[in-house]
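Novice: Questions regarding the structure given below will be posed in turn.
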Amino acid sequence: MVTKILCVAEKPSIAKAVANHLSGGQVEIRNSGNQYIKNYCFDFNFGGRWGNCNVVMTSVVGHLTGAEFDQEHTRDWNYPPPETLFSAPVCITVDKDKEDIAANIKKEARFARALFIWTDCDREGEHIGAEVRSQALEGNANIQVKRARFNNIERAHIITAAKNPIDLDDRLVDAVSARIELDLRIGSAFTRMTTHAVRPLGGTLAYDERGKRRVVSYGPCQFPTLGFVVDRYFRVVNFIPEPFWGISVNHRRDNIDVHFSWKQVHLFDRAIVTILFERCIAAKIAKVIKVQEKPTKKWKPLPLTTVELQKNASRFLRMDSQRAMKVAEDLYNKGFISYPRTETDRFDKGMNLRVLVEKQTHDGRWGPFAQNLVNGGFQQPREGRNDDKAHPPIHPVAYCAPTALNGDEGKVYEFVTRRFLACCSEDAKGQQTVVEIEYGNENFSAHGLIVLERNYLDVYPYDKWTSSTILPKFTLGERFEPTEALMTEGKTGPPSYLTEPDLIALMDANGIGTDATMAEHIAKIQERNYAFTRPVGGGRGGNAMVEFIPSTLGVALVTGYDQMGFDISLSKPFLRKEMESRMKDICEGRITRRDMMRENIRQYKRVFEQSTERLDVLRAACRRYVLGIGA
Amino acid sequence: MASPITPAQLSNALTQSGLPTPSPSFLTPILNTASNSQRQPPLSSLSATARLRLLSADISAPTILSPTNGSFPQNISDVRVKEKVLGQDIPVQVIDIEDIGRSKWDQILDLEAERKGERVKGREVIRVLPTQENENGSTASTQAIVSPAAANAVVSNKGPFKVLLQDMKGQQVYGFELKRVDKLGYPPGMNIGCKVMLKKGCKVARGMVLLEPACVVVLGGKIEALDKGWREGREERLRLAVKKNEEAPGRANV
């Protein structure tokens, strides 16, 4: 009898694409019992010990199961009290709307010799793989379990992955299941406590905007995310401008106006700047103390990571991070780009990048540039310091004509491709001139730049580097009387509200969420009405970048928890950062899931207990900011 | 038995190491305590004691420095005088200091973050845990957390700094760094009450001393009470100054 192998992907589109590649188009499509999921049946020769097999390729739709407390702890939010949620029993059950999917896997596993898991190769994917595994084992206790390692759905890559399966990494599975359980316990405990605390204050704290009983939801990632927004908000509103003074020197030579800027930029003391300025004027003559001409470069960008994609999407493509990720995922599902969730900013040395460049030579926009690289202009990309060991940087895997994509897809595909070609090109080169003068007791300098070779800039319009006016000739040691010296005056300006790229950068630097989840947390704080966005500078039109402003409730929550005065506030990134780094430890086998859970629950429980005693502070903040009492 | 150390010998030892000439009444108690004990300690240890006391003293008090030391000429603060040069060495102490290269608001934000035990490194917010010494109390009145290594290094590289200087007669005059002077900076790198020798030839313009390495010798030291008060009141003073700035019409709002 021919061996049967069951393959399960993370989403239907991947199942379909992989089935098509493996079968060469000879597929029989059957119903799975779920309207969105099909079972693809075909033959494939896996080689090695599996040989020629009957394959059933199906999929799940993301996670199959969810974590919930038992009945006793879900019925009433008051009893048992919220603190019991730190130790209450947690059940993992198949989501109600996914029972037919689970049944399909169980059924198909029954006569299969092996299960090949085709979920995305990242932490979440590994966990989903484990969920699939447990369903398959229920259907067939003897089934062997393997997983395919792939990071794009280009044909040759998929076939290689099918022939070289590896084992599921249970450490990643453990890390994710730990996070799910912790998020449930911590989120529920703090949500219930906070909700109870504020409802009795009445008004919009008792019933929300839609007339429902107010729920103040707490999430261990959302709160620090909100914390960044509120922190910046206060920096903007509390800001007080201060005057400063400077000295500016101009000189006209060969019909060119040269501006020399002050080394000290500006100082915050008028009397002192006045004295320095007077001494410049008194000195009358300036002396050239440095003339330097040196080659300079503008470095080509690093290979593209998820965080960079998100930041650039909101900066240049006018797309918020969630939208950008959705579009990138669609492009991945269609087989045009590699897996878009990656922290890696260096290409593996063994990867044949020239082949990928060659695929782009037919494009009307960047084709000639790519052709140039193929003809000898190719340079190995720069290497960043991050490698998640799972996925390469985001890059195009197949060529796609602009007509085949919708608007946003086209924009993201163009960005990914231009970025990739820029990486494979050469740094831009220029000549920089610096002239430094001593005038009175002060030093001033003028800079000139001539761009000599644009190189990567030709394909990457997102970076700007332009020549300045050419400086006239100055000779070292020469003395001259500047045409003009001025004392200038200005004042400091407030910082701007957080934009999405700022917020992503803050989350990234502080370990809040992963590249895969940051966009969700940002969306969550808006969904919960803790913060909202508006075009930068209050500008009009949908074309501007947005900035984040907290709602009164958002301000009240962060201020309330901050003012409780613990060494670790919930709105600060420290606790979550710790959790994320412990998850990494689990993945890398440094600690066990058990130890990690115990330590984390202890930390949060302590904060919980302290918070319970100081809820009056939170209530006062809510009264002040939300209800406008005692402001 | 060697003859006892004279006030002149001790005074000499101090001035040779760059310190101002102390008054005899400052030296007497040091020599007396020494001669009361069985064996008089060597000159080196006596002068070390004297040095330490001198650096921690308030030199504007009448009995610390010898009247032979230089002090500011009467019209030193006259803003009508475009430039003059000090005709002699003048020992002074720093009684206030301000970084004029950064806005006060920025400095307030830093102090706030320090108070909360946070520090920002690039975009990353870092929690600063108090070091052992700070937990044990002692004199740390602010939460400035500085490792011994950092404290020994060249004092804060920000600036330039504006300082308020006081001579032995109590006259006060502002000075600022025309060129960077390494050991000047915010406490705890330099302390309030730090002694400085302004060398002959040092320039004064429009009532302000122009500080540069060639004419300034930073001797160190501090006046404990002054230093403590300065640190504790710093944030408050900055806030008041910023407020005043804001309320002053016209000037700031270009």
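Here, each number is a calculation from the coordinates, and none is a lab measurement. Here the structure is a predicted model, which is why all the values come from computation and not from measurement. Every residue, glycine as well, gets a Cβ built from its backbone with ideal geometry; the counts of neighbours run over all protein chains shown.
Novice: Grab the beta carbon distance between A:Phe532 and A:Asp183, set R0 = 22 Å, and tell me the FRET efficiency rounded to 0.05.
Specialist: Values: r = 24 Å, r/R0 = 1.10.
Calculated value: 0.35.
Novice: For the range A:495-502, take each phi angle, set θ = phi - 60°, evaluate the Karplus expression 6.51 cos²θ - 1.76 cosθ + 1.60, and give the result in whole Hz per residue in order, putting x for glycine and proline.
Specialist: For the range A:495-502, the Karplus curve yields x, 8, 4, 5, 9, 5, x, 4 Hz.
Novice: Taking other Cβ within 10 Å of each residue's Cβ, how do A:Val237, A:Val412 sort, fewest first?
Specialist: Working: A:Val237 10, A:Val412 28.
Ordered by Cβ neighbours within 10 Å, fewest first: A:Val237, A:Val412.
Novice: Hey, another quick one. So for the pair A:Gln432, A:Asp254, with labels modelled 7 Å out along Cα→Cβ, what separation do we get in nm?
Specialist: My value for the distance between the label points is 2.1 nm.
Novice: Enumerate the calculated ³J(HN,Hα) couplings along the range A:3-12 in order (Karplus 6.51 cos²θ - 1.76 cosθ + 1.60, θ = phi - 60°), each rounded to whole Hz, writing x wherever the residue is Gly or Pro.
Specialist: Listing the rounded values in order: 5, 10, 10, 9, 10, 10, 9, 7, 9, x Hz.
Novice: Next up: Amide H to amide H under 5 Å from A:Val55: which residues, 5+ apart in sequence or cross-chain, H placed 1.01 Å off N in plane?
Specialist: A:Ile5, A:Phe42, A:Asp43, A:Phe44
Novice: Check A:Leu304: other-chain or 5+ apart residues with amide H under 5 Å from its amide H, H built from backbone geometry?
Specialist: Under 5 Å from the amide H of A:Leu304: A:Ile394.
Novice: So how strong a dipole does the protein assembly as shown carry about its Cα centre when Lys and Arg Cβ are +1 and Asp and Glu Cβ are -1, to the nearest 20 debye? Before the final figure, lay out each step's value.
Specialist: Numbers: 121 positive and 106 negative charges, 169 e Å.
In debye, rounded to 20, the protein assembly as shown gives about 820.
Novice: Taking only DSSP H segments of four or more residues, each worth -39500 (n - 2.57), what value at 222 nm results for chain A once the sum is divided by all its residues, to the nearest 500 deg cm²/dmol? All intermediate terms of the calculation are to be shown ahead of the outcome.
Specialist: Numbers: 18 runs with 235 residues, N = 631.
Calculated from helices alone, the mean residue ellipticity at 222 nm is -12000 deg cm²/dmol.
Novice: Quick one: if the Förster radius is 56 Å, what FRET efficiency do A:Trp77 and A:Leu452 give, using the C-beta to C-beta distance and rounding to 0.05?
Specialist: On the way: r = 68 Å, r/R0 = 1.22.
Efficiency for this residue pair is about 0.25.
Novice: Any lysines with Cα under 21 Å of the A:Lys572 Cα? List them, leaving off those in the same chain fewer than 8 positions away.
Specialist: Here the lysines satisfying the reach criterion relative to A:Lys572 are A:Lys524, A:Lys584, A:Lys605, B:Lys116, B:Lys121.
Novice: Can you compute the FRET efficiency between B:Leu240 and A:Asn31 using 1/(1 + (r/R0)^6), with r the Cβ-Cβ distance and R0 = 60 Å? Round to the nearest 0.05.
Specialist: Values: r = 77 Å, r/R0 = 1.28.
Once the sixth-power term is evaluated, E becomes 0.20.
Novice: Then there's this: Near A:Lys284, which lysines are there with a Cα under 23 Å away, not counting those fewer than 8 places off in the same chain?
Specialist: A:Lys284 reaches A:Lys263, A:Lys473, B:Lys82, B:Lys84, B:Lys179, B:Lys203.
Novice: For chain A, what's the relative contact order in percent, using C-alpha pairs closer than 8 Å and at least 6 residues apart? Mind dumping the intermediate values first?
Specialist: Numbers: 1196 pairs, mean separation 97.8, N = 631.
Contact order relative to length: 15 percent.
Novice: Now for a different question. Among A:His391, A:His157, which comes first, second and so on when ranked by fewest other beta-carbon atoms within 10 Å? Numbers along the way, then the final one.
Specialist: On the way: A:His391 22, A:His157 17.
So the residues, fewest neighbours to most, are A:His157, A:His391.
Novice: Nearest 20 debye, what's the magnitude of the dipole of the range A:335-419 about its Cα centre given +1 on Lys and Arg Cβ and -1 on Asp and Glu Cβ? Spell out each step's value before the answer.
Specialist: Details: 12 positive and 11 negative charges, 38 e Å.
Value, rounded to 20: 180 debye.
Novice: Continuing with the same structure: Report, in listed order, any pair from A:Lys300/A:Lys359; A:Lys294/A:Lys464; A:Lys96/A:Lys389; A:Lys11/A:Lys212 with a Cα-Cα distance greater than 24 Å. Numbers along the way, then the final one.
Specialist: Working: A:Lys300/A:Lys359 21 Å; A:Lys294/A:Lys464 20 Å; A:Lys96/A:Lys389 35 Å; A:Lys11/A:Lys212 35 Å.
Check vs 24 Å cut-off fails for A:Lys96/A:Lys389; A:Lys11/A:Lys212.
Novice: List the lysines whose Cα sits under 16 Å from the Cα of A:Lys311, skipping any in the same chain fewer than 8 residues away.
Specialist: Once the sequence-local lysines are set aside, what remains near A:Lys311 is A:Lys326, A:Lys411.
Novice: Tell me, in nm to one decimal, what length is gained between A:Ala206 and A:Met487 on full extension, where the rule is 0.36 nm per residue of separation less the Cα-Cα distance?
Specialist: Numbers: separation 281, 0.36 × 281 = 101.16 nm, distance 5.83 nm.
Net length gain for the segment: 95.3 nm.
Novice: Which one of A:Gln322, A:Val291, A:Leu304 is farthest out on the positive end of the charge dipole of the range A:285-326, using unit charges on Cβ (Lys, Arg +1; Asp, Glu -1) and the Cα centre as origin?
Specialist: Positive-most Cα among the choices belongs to A:Val291.
Novice: Mind listing the phi-derived Karplus ³J(HN,Hα) values for the range A:407-412, rounded to whole Hz, using 6.51, -1.76 and 1.60 with θ = phi - 60°, and x for any glycine or proline?
Specialist: Running phi through 6.51 cos²θ - 1.76 cosθ + 1.60 with θ = phi - 60° gives x, 5, 4, x, 5, 5 Hz.
Novice: Could I have the simple spin-label model distance between A:Leu615 and B:Glu83, label points 7 Å from Cα toward Cβ, reported in nm to one decimal?
Specialist: Computed distance between label sites A:Leu615 and B:Glu83 equals 7.2 nm.
Novice: Moving on. Could you please rank A:Asp122, A:Asp363, A:Asp97, placing first whichever residue has the fewest other Cβ atoms within 10 Å of its Cβ? Present the calculation step by step, with values, prior to reporting the outcome.
Specialist: Working: A:Asp122 23, A:Asp363 19, A:Asp97 9.
Exposure proxy ranking, most exposed first: A:Asp97, A:Asp363, A:Asp122.
Novice: Could you check the spin-label model distance between A:Asn333 and A:Arg49? Points 7 Å from the Cα along Cα→Cβ, value in nm.
Specialist: Spacing of the two 7 Å Cα→Cβ label points: 3.5 nm.
Novice: Same structure, new question: Would you mind counting up the charge near A:His259? Only other residues with Cβ under 11 Å from its Cβ, with Lys and Arg at +1 and Asp and Glu at -1.
Specialist: Values: positive: A:Arg252; negative: A:Asp257, A:Glu484.
My count for the surroundings of A:His259 gives -1.
Novice: Let me ask another. In terms of modelled amide H atoms, which long-range or inter-chain residues lie less than 5 Å from the amide H of A:Val216?
Specialist: Correct list: A:Thr195.
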